[in-house]
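**Q** One structure, pasted below without further comment.
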Amino acid sequence: AKAAAKPKVPAKRKTAPKASAAKSKAPTAVKSPPPEPLEVVRPLIKVRQAREFTSKPVTKAELEAITEVARWSGSSRNEQPCRFIAIRDRALIRQVAELGLPQTRGLPTATAAVAVIVPEEPERELSRAFDDGRAAERMLIAAHLLGLGGGVSRVRADVRAGINKALKLPANRSVRTIVGLGHPTEDAMQPKTRPGQARLPRAQVVFEECWPEPPAKE
């Protein structure tokens, strides 16, 4: 009788040799140290006012971005009292500048401006000044981040009526601040003081925990 056939053993599949542990690991990226806090906030330190501008216009998109920053500025109890009039009409900007002199002397060459409008509330004069000041400063920062420049003009009480009329404001609203915007000229961005003299030394301005003894020299 014939011997029973041996069962076939399936051939072993050849597998690729395993890569060494050293080769299989991806190179580890070297993490750079986090920037110093002062370097993070340095763009804010570089924000400065400009009052002379070139003829290059501020675009509609740039002005919309700046006014969006203004809209999101904080206010007392989040009452959001400020309203903003974005102006690109050069003739209107010059008219407002003429009405508000000398405080508005930085407006004639601006190619855009934002008027900050607040309610007529004599009893809340200081509170509203705080709110519109916050918005104005943030617009300066926004302009700087966009490569533009800006200058804040305070509107005196005795000239508000004329500017209110030019901006067609209702009787219960008044203009307090106007931010002129544009591309600053080279002269406008030149330092107005010698290096190292733009601000008082830190030791005379910033104290820790309490007022220094002896008092800092004024």
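Since every read-out is calculated from the coordinates, none of them should be taken as a lab result. Please read all numbers here as calculations on a predicted model, not as lab measurements. FYI the Cβ positions are ideal-geometry reconstructions off the backbone, even for glycines, and counts take in every protein chain you see.
**Q** Considering Cα pairs under 8 angstrom that are at least six residues apart, work out the relative contact order of the chain and quote it in whole percent. Please report the intermediate quantities before stating the final value.
**A** Numbers: 289 pairs, mean separation 53.5, N = 218.
Taking the mean separation of contacting Cα pairs over the length of the chain, I get 25 percent.
**Q** Here is a further query. Run down the aspartates and glutamates and flag those whose C-alpha is under 14 Å from the C-alpha of LYS46, throwing out any fewer than 8 positions away in its chain.
**A** GLU137
**Q** Next question. Peptides 129-139, 29-39: what's the order by average Cβ count within 10 Å, highest mean first?
**A** Answer by packing, highest mean first, reads 129-139, 29-39.
**Q** With no solvent and one point per C-alpha, what does the Debye sum give as log10 I(q)/I(0) for the stretch 43-97 at q = 0.18, 0.21, 0.22 Å⁻¹?
**A** Reported log10 I(q)/I(0), two decimals: -0.89, -1.10, -1.14.
**Q** Here's something else I'd like to know. For the stretch 195-207, just list the computed ³J(HN,Hα) in residue order, Karplus coefficients 6.51, -1.76 and 1.60, θ = phi - 60°, integers in Hz, with x standing in for Gly and Pro.
**A** x, x, 10, 5, 9, 4, x, 3, 5, 8, 10, 10, 10
**Q** Which whole number in µm²/s is D for the stretch 142-206 by Stokes-Einstein, with the Kirkwood Rh taken over Cα pairs at 25 °C and 0.890 mPa s? Spell out each step's value before the answer.
**A** Values: Rh = 15.2 Å.
Answer, rounded: 161 µm²/s.
**Q** Sticking with this one: How long are the semi-axes of the ellipsoid equivalent to the chain, from square roots of 5 times the Cα gyration tensor eigenvalues, in whole Å, largest first?
**A** Details: eigenvalues 755, 146, 82 Å².
In descending order, the three semi-axes are 61, 27, 20 Å.
**Q** Please list, in chain and number order, the residues 5+ apart from SER174 or on another chain whose amide H is under 5 Å from its amide H, with Hs placed from the backbone.
**A** Residues meeting the criterion, in which the H sits 1.01 Å from N, are VAL118, GLU120.
**Q** Indicate the gyration tensor shape class of the stretch 99-163 (rounded, prolate or oblate), computed on the Cα atoms with a ≥ b ≥ c the square roots of the eigenvalues: a/c under 1.5 is rounded; otherwise a/b larger than b/c is prolate and the rest oblate. Intermediate results must be reported in sequence, preceding the final value.
**A** Working: a/c = 2.77, a/b = 1.32, b/c = 2.09.
Oblate, since a/c reaches 1.5 and b/c is not below a/b.
**Q** Mind scanning LYS56/LYS165; LYS31/LYS192; LYS31/LYS56; LYS60/LYS168 and naming the pairs with a C-alpha gap bigger than 32 Å?
**A** Beyond 32 Å between Cα atoms: LYS31/LYS192; LYS31/LYS56.
**Q** With label points built 7 Å along Cα→Cβ from the Cα atoms of ARG71 and ARG134, find their separation and express it in nm.
**A** 1.8 nm
**Q** Can you work out the Karplus-derived ³J(HN,Hα) for every residue in the stretch 39-55? Use 6.51 cos²θ - 1.76 cosθ + 1.60 with θ = phi - 60°, whole Hz, and x for glycine or proline.
**A** 5, 5, 8, 4, x, 6, 5, 7, 5, 9, 7, 10, 10, 10, 10, 6, 7
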